[in-house]
Amino acid sequence: MTTLSPRLAAVVQALPLRPGLRVLEIGGAPGAAARAVAHLLGQGHILVIDRSAAGVAQIIRTAGLEIAAGTLGARQVAAEDFELLPGEAPFDLAFAIRVGAFDGRHPLAGIAATKRIAAALNPSGRFFIDGGDPLREIELPR
């Protein structure tokens, strides 16, 4: 399993994970947290999205085992442009760590991204960002 920094380990530990969940990580390059989450989900799945092609390529390089097992996927897309692919199941929870759309650096992108995240989650889905102790939950438009 991936060795995480104390900050990322605290984030992963704070997420309400359980085996079988579908999880969306926004801005997750280089993929360390996603690999740790994938190991905790059992037969679940985590999709990491990132706007950076180089970041997604790094995730693909470092998460080959998880990708081959079907527990992790990576897609290049900005959070404010994200949508489920045709036939893709919604996610149970989403999280973002140090993402400008959610930490106040890019508030207009944050408004659009929050709507896209809400649309990609199941009706009881939850969204967490850093900035709490260590996370805080974001109320989603429904």
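The values are calculated or read from the model by the stated rules, or taken from the named source; none is laboratory data. No experiment lies behind these values; they were computed from the predicted model shown. Using ideal geometry, Cβ is built from the backbone for each residue, glycine included, and neighbour counts are taken over all protein chains shown.
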Q: Only residues that are modelled with pLDDT of 95 or more and small (Gly, Ala, Ser): list them for segment 33-63, please.
A: 33, 34, 36, 38, 44, 52, 53, 54, 55, 57, 63
Q) What are the residues in segment 1-30 that are farther than 19 Å from residue 117 by Cα and not aliphatic (A, V, I, L, M), if any? A) 2, 3, 5, 6, 7, 13, 18, 19, 20, 30
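Mind checking which residues of segment 18-40 are in a loop (DSSP other than H, G, I, E, B), aliphatic (A, V, I, L, M) and more than 19 Å from residue 103 (Cβ to Cβ)? Don't jump to the end; show me each part of the working.
The first filter runs over segment 18-40 and keeps only residues in a loop (DSSP other than H, G, I, E, B), leaving 18-21, 27-31.
From the residues that got through so far, the ones that are aliphatic (A, V, I, L, M) too are 21, 29.
Result: 21, single match.
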Q.
Please count how many residues of segment 1-35 are under 12 Å from residue 59 (Cα atoms), small (Gly, Ala, Ser) and in contact with a strand residue (DSSP E or B) (Cβ under 9 Å, 6 or more places away or on another chain).
A. 6
Q: State the number of residues belonging to segment 86-142 that are exposed (fewer than 12 other Cβ atoms within 10 Å of the Cβ), part of a loop (DSSP other than H, G, I, E, B) and in contact with a Pro (Cβ under 9 Å, 6 or more places away or on another chain).
A: 1
Q. Exactly one of (1) within 19 Å of residue 21 (Cα to Cα); (2) without any contact (Cβ under 8 Å) to a residue 60 or more places away in the chain; (3) of a type outside the set (Phe, Trp, Tyr) is unmet by residue 52. Its number?
A. (1)
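Table: residues versus (1) outside any strand (DSSP E or B); (2) over 14 Å from the mean Cα position of the chain (by Cα); (3) buried (at least 20 other Cβ atoms within 10 Å of the Cβ).
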residue	(1), (2), (3)
42	yes, yes, no
46	no, no, yes
49	no, no, yes
55	yes, no, no
67	yes, yes, no
73	no, no, no
80	yes, no, no
84	yes, no, no
